[in-house]
Amino acid sequence: MKAVQRQTRSFLMSLFQQHGINPRGDLGQNFLIDVNLIEFAVRAAELGPHDVALEVGSGTGGMTAFLAQEAGRVISIDIDKNMSALAAEAVKDCNNVTLINSDILKNKNTLDPHICDVIRHHVASIPNGRLKLVANLPYSVATPVISNIIASDLPWERMVCTIQWELAEKMEAEPGSSKYSAMSAWIQSQGTVRILRRLGPKVFWPRPKVDSAIVSIWRDQEKADRIHDRRFYQDFLRRAFTLRRKFIRSVLVALYRQQLDKPEIDQLLSELGHTSEDRAENMDIPTLIRLSNHLLATIQKKGAQVETIDEPIDSEE
C-alpha cells in the first residue's frame with residue numbers, strides 16, 4: 001500500500017480540537033488508531049479492481065483512504081455530518097470514493113432503499129463487480145447492519161469488520177454453547193465466520209470499555225440455497241431462540257398454534273427424527289434449516305396463513 005496519512009491518537013485529538021468537535025459516544029465513535037490493524041483488515045478483504053468496498057462509519061477517513069487504494073470503488077457512509085466532512089478532506093485526491101452522509105438503516109430491520117440502489121449501481125458499473133463490506137463498525141449498528149445486509153438481495157461476497165468481541169463470539173458460536181444464538185444460526189446458515197484478531201481497547205480512541213474483534217464472513221451461496229424462504233427462516237430463528245431453552249415441541253406448539261395443531265406438530269417432528277426433548281439451542285445449522293423448510297411446507301400444504309413478524313435477528317436471541 002502507498003503511504004497515507006497515519007491517523008494516530010495525537011493526530012485525531014488535534015484534528016478534533018481544530019474543528020471544535022468531540023467523538024460522539026451515542027453514535028459509537030471509537031476510531032481505530034493502529035495503522036497496522038487497519039492495513040490488516042483491508043488485506044483480509046482481498047480487494048481488487050472488481051470490488052466495491054462498502055464502509056459503514058467513515059469516521060475521519062482513516063480506513064477509507066486505504067480502501068480507495070485497493071478497491072475499484074468505495075462507498076463510505078456516515079450518519080454524522082462532521083465525520084463526513086473530515087472523511088471528504090482525507091480522500092479529496094481519490095476519484096473512486098463516494099461519500100454518503102446518511103444512515104444506512106431506514107429502521108432497525110431495513111436498509112435504506114436509496115443507499116441500496118447506489119450500491120447496486122456501482123457494483124453493476126464494474127465488470128464482474130463484487131461487493132465487500134469492510135469497516136470499523138460502530139458498536140451501536142453492527143448487529144443490524146450485518147444482519148440486514150445478509151437478509152437483503154445485495155450481491156455481497158465478503159465482510160471484514162471490527163465489532164464488539166462478545167458479538168464476534170456469538171457469530172462464531174457452535175450449537176450447545178452458551179453463546180449460540182439466532183444470530184449465530186442466521187449468519188452461519190449463509191456464510192463462514194472467522195474471528196481474525198482480538199483487539200484490546202487501547203487500539204481505539206476514545207478507548208471503549210470492552211474488547212473488539214476483526215471478524216471475516218465469507219458468503220456461501222450453496223448453504224443459503226438450502227433455505228426455501230429466507231424471510232420465514234429468519235422469523236423462525238428469531239422466534240425459536242427467544243425460547244431457546246424450552247423443548248422444541250412446546251415452542252412450535254406455542255408459536256404456530258394459529259397454523260398447526262399439536263398432532264400436526266408431533267407428526268412433523270417425528271418425520272424429521274426429533275425427540276420431544278430437543279431444543280433449538282442444541283440444533284446445528286442443517287437441522288434448523290430442515291426444520292424451518294418442513295414447517296413452512298406443512299403450513300402451506302394445509303392452506304394456513306404464513307405469518308412472519310418484520311423484526312431483525314437480534315444478537316441477544
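Here, each number is a calculation from the coordinates, and none is a lab measurement. The structure presented is a predicted model; accordingly, all values stated were derived computationally and were not measured. All Cβ positions, glycine included, derive from the backbone under ideal geometry; neighbour counts span all protein chains shown.
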* To do: Could you give the size of the charge dipole of segment 230-302 about its Cα centre, using +1 on the Cβ of each K and R and -1 on the Cβ of each D and E, expressed in debye and rounded to the nearest 20?
  => 340
* From the square roots a ≥ b ≥ c of the eigenvalues of the alpha-carbon gyration tensor of segment 9-222, which class results: rounded (a/c under 1.5), prolate (a/b over b/c), or oblate? -> oblate
* To do: Could you sort out which of K106/K223; K179/K209; K262/K302 sit more than 23 Å apart by Cα distance in this structure?
  => K106/K223
* To do: Using a/c under 1.5 as the rounded threshold, could you call segment 48-145 rounded, prolate or oblate? The axes a ≥ b ≥ c are square roots of the C-alpha gyration tensor eigenvalues, and prolate needs a/b larger than b/c, oblate otherwise.
  => oblate
* To do: Using only the Cα atoms of segment 230-302, build the gyration tensor, take square roots of its eigenvalues as a ≥ b ≥ c, and label the shape rounded, prolate or oblate: rounded if a/c is under 1.5, else prolate if a/b is larger than b/c, else oblate.
  => rounded
* Asked: Order of 217-226, 169-178 by packing, highest average Cβ count within 10 Å first?
  -> 169-178, 217-226
* Expressed as a whole number of Å, what is the distance separating the alpha-carbon centroids of segment 238-285 and segment 101-179? -> 30
* Sort 84-96, 63-75, 136-148, 116-128 for me by packing, meaning the mean count of neighbouring Cβ atoms within 10 Å per residue, highest on top. => 63-75, 136-148, 84-96, 116-128
* Entries in K92/K202; K108/K301; K132/K170 that, when Cα-Cα distance is taken, lie over 26 Å -> K92/K202; K108/K301
* To do: Give the long-range amide H neighbours of F204: residues separated by 5 or more places, or on another chain, with amide H under 5 Å away, using H modelled in the peptide plane at 1.01 Å from N.
  => I33
* Asked: Which of I214, H274, Y256 sits farthest toward the positive end of the charge dipole of segment 192-317, with +1 on the Cβ of Lys and Arg and -1 on the Cβ of Asp and Glu?
  -> I214
* Asked: Do the sum for the chain: with -39,500 (n - 2.57) for every DSSP H run of n ≥ 4, divided by all residues, what is the mean residue ellipticity at 222 nm, to the nearest 500 deg cm²/dmol?
  -> -12000 deg cm²/dmol
* To do: May I ask you to order 100-107, 19-26 by the average number of other C-beta atoms within 10 Å around their residues, highest value first?
  => 100-107, 19-26
